[in-house]
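Accompanying notes for the structure given below.
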């Protein structure tokens, strides 16, 4: 099980009231919400291995070099020496280090790699997995990793993690008309304002799906642009031709990396905390209460 951790703690932050606070009054709604998410996932899905994948760089420069608008609207502060600072709610940012400390003390593997997003870590781990893979994310970009042959699917939270959309290739074809492999081409044609990807002006999701059904993939579509006998309408041909510079680089930006240099780590879920004394201190300082106990109970029950 691979967690798109930032996606989940953002959802926890907005789904759990900020009245959930530590003894000193600091909000810990994202921390406790994420712990409850993980507890429920372990309880319901019984993963053998679980990795909390992190954004060591949420806006890698190599993607920005290709498409300068990539996530540009989410930059709170530019930094010369490292990743730009992402615009994050004031009461969420201080909770992220607490989340990291708690995961480490529990013994849940936490993996982030410089110059890569969590999506890239997930893509690399999914490609290396010997068995079935469940990817837990609220980000549709990772639908590109759905692969029935490799038993890779996405668990997409509809409401919390008690209501998950189990996304396999049948679901993708029903909703988008493509499989996991085709989702990259659909996404870059359609564009994604939340990621600063412009897409092809005038080519929406339905049109993109029809083009992919007709011509197979982006390469087939672009070959059709050059073929006067193809079934493209004059308007579509013009729009796609004008978007050639964007379409030449967009696949490298939208496709998750599969070759991230991962550090050594142990993905196995523990049955008891790795650092119990440190965890007790964190639990007392931040008032983690029932959320942490539910996670520890789920881990213990799984190990029995």
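The values are calculated or read from the model by the stated rules, or taken from the named source; none is laboratory data. Predicted, not measured: the structure shown is a model, and the values here were computed from it. FYI the Cβ positions are ideal-geometry reconstructions off the backbone, even for glycines, and counts take in every protein chain you see.
Structure summary
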item: Failed condition for residue 285, given (1) more than 28 Å from the chain's Cα centre (by Cα); (2) surrounded by fewer than 13 Cβ atoms within 10 Å (Cβ to Cβ); (3) in the same structural domain as residue 45 (by TED's automatic domain parsing); result: (2)
item: In the range 113-133, the residues that are surrounded by 20 or more Cβ atoms within 10 Å (Cβ to Cβ) and not in a loop (DSSP other than H, G, I, E, B); result: 118, 119, 120, 121, 122, 123, 124, 125, 126, 133
item: Scope the range 263-294; condition touching a helix residue (DSSP H, G or I) at 6+ places or on another chain (Cβ under 7 Å) and under 21 Å from residue 18 (Cβ atoms); matching residues; result: 282, 283, 286, 288, 291, 292, 294
item: 1 or more residues buried (at least 21 other Cβ atoms within 10 Å of the Cβ) and at negative phi: qualifying strands (runs of 3 or more DSSP E) within the range 1-112; result: 2-4, 51-53, 109-111
item: Any chance residue 199 is under 28 Å from residue 63 (Cα atoms), at pLDDT 95 or above and out of contact with any helix residue (DSSP H, G or I) (no Cβ under 7 Å at 6 or more places or on another chain); result: no
item: From 229, 187, 223, 208, residue being outside the structural domain of residue 151 (by TED's automatic domain parsing) and within 15 Å of residue 144 (Cα to Cα); result: 187
item: Condition check for residue 269: touching a strand residue (DSSP E or B) at 6+ places or on another chain (Cβ under 9 Å) and in the same structural domain as residue 140 (by TED's automatic domain parsing); result: yes
item: Of the criteria (1) in contact with a helix residue (DSSP H, G or I) (Cβ under 7 Å, 6 or more places away or on another chain); (2) assigned to a strand (DSSP E or B); (3) in contact (Cβ under 8 Å) with a residue 60 or more places away in the chain, which one residue 155 fails; result: (1)
item: Count of residues meeting criterion [modelled with pLDDT under 95 and crowded, with 21+ Cβ neighbours inside 10 Å] in the range 158-186; result: 1
item: Sole exception among (1) modelled with pLDDT of 95 or more; (2) more than 30 Å from residue 111 (Cβ to Cβ); (3) surrounded by fewer than 17 Cβ atoms within 10 Å (Cβ to Cβ) for residue 268, by number; result: (2)
item: Checking residue 3 against (1) without any contact (Cβ under 8 Å) to a residue 60 or more places away in the chain; (2) touching a strand residue (DSSP E or B) at 6+ places or on another chain (Cβ under 7 Å), the condition it does not meet; result: (1)
item: The range 225-247 - residue that is farther than 30 Å from residue 70 by Cβ and touching a helix residue (DSSP H, G or I) at 6+ places or on another chain (Cβ under 7 Å) and, of those, surrounded by the fewest Cβ atoms within 10 Å (Cβ to Cβ); result: 231
item: Members of the range 101-131 found to be under 23 Å from residue 64 (Cα atoms) and touching a strand residue (DSSP E or B) at 6+ places or on another chain (Cβ under 8 Å), listed by number; result: 111, 112, 118, 119, 121, 122
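Yes/no per residue for (1) touching a residue at least 24 places away in the same chain (Cβ under 8 Å); (2) assigned by TED's automatic domain parsing to the domain that holds residue 127; (3) more than 29 Å from residue 299 (Cα to Cα):
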| site | (1), (2), (3) |
| --- | --- |
| 8 | yes, yes, no |
| 33 | yes, yes, no |
| 36 | yes, yes, no |
| 80 | no, yes, yes |
| 97 | no, yes, no |
